[in-house]
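Engineer: Before anything else, here's the structure in question.
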């Protein structure tokens, strides 16, 4: 009886070690599989993807921009957003796309101290340029 218990214990520990090795291999494979993200609004298939690509292109051209100006530039510069606005006369869905991008961390949302009504957007890469002006504080 005791030998069978020892054999089972050895098999269980061997199985655990094999499982851990497999997990480590999967982690290494995922680390090696970094995706390249391209910003090509012309090649995007869905409306949301086209708008997101256009937003990124606009944010690359400026350091920081408020929401109203960003939506206005989006309608003027992005053909997809322009057609959508002509049909609906509404920017609500464009704003929702913008908010979801900020929530996912694709873009960053910020406020300027004392200007509580307006939200500003920027790319995470632009944070380095503004690093000395950033203050972590409570939300208004």
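Engineer: Multiply the residue gap between residue 16 and residue 135 by 0.36 nm, knock off their C-alpha separation, and tell me the result in nm, one decimal place.
Structural biologist: Extra length from residue 16 to residue 135 when fully extended: 38.1 nm.
Engineer: Follow-up question, since we're still on this one. How high is the FRET efficiency from residue 79 to residue 112, r the C-beta distance, R0 41 Å, rounded to 0.05? The partial results should precede the final answer.
Structural biologist: Working: r = 31 Å, r/R0 = 0.76.
Taking R0 as 41 Å, the efficiency between residue 79 and residue 112 is 0.85.
Engineer: Just need the relative contact order of region 66-140 here, percent rounded to a whole number, with Cα pairs under 8 Å and 6+ apart.
Structural biologist: After rounding, I find 25 percent.
Engineer: Arrange 62, 51, 37 by Cβ neighbour counts within 10 Å, fewest through most, would you? Don't skip to the end; give the middle numbers.
Structural biologist: Values: 62 14, 51 22, 37 7.
With the fewest neighbours first, 62, 51, 37 line up as 37, 62, 51.
Engineer: Neighbouring Cβ atoms within 10 Å as the yardstick, rank 14, 69 fewest first.
Structural biologist: Working: 14 10, 69 14.
Ascending number of Cβ neighbours within 10 Å: 14, 69.
Engineer: From the Cα gyration tensor of region 13-140, with a ≥ b ≥ c the square roots of its eigenvalues, which class applies: rounded if a/c is under 1.5, or else prolate if a/b is larger than b/c, or else oblate?
Structural biologist: Numbers: a/c = 2.67, a/b = 1.58, b/c = 1.69.
In terms of gyration-tensor shape, oblate.
Every read-out reported here was derived from the displayed coordinates using simple, explicitly stated rules and does not represent laboratory data. Bear in mind the structure is a predicted one, so any value in this text is a computation, not a measurement. Ideal geometry is used to build each Cβ from the backbone, glycine not excepted, and the neighbour counts take in all protein chains shown.
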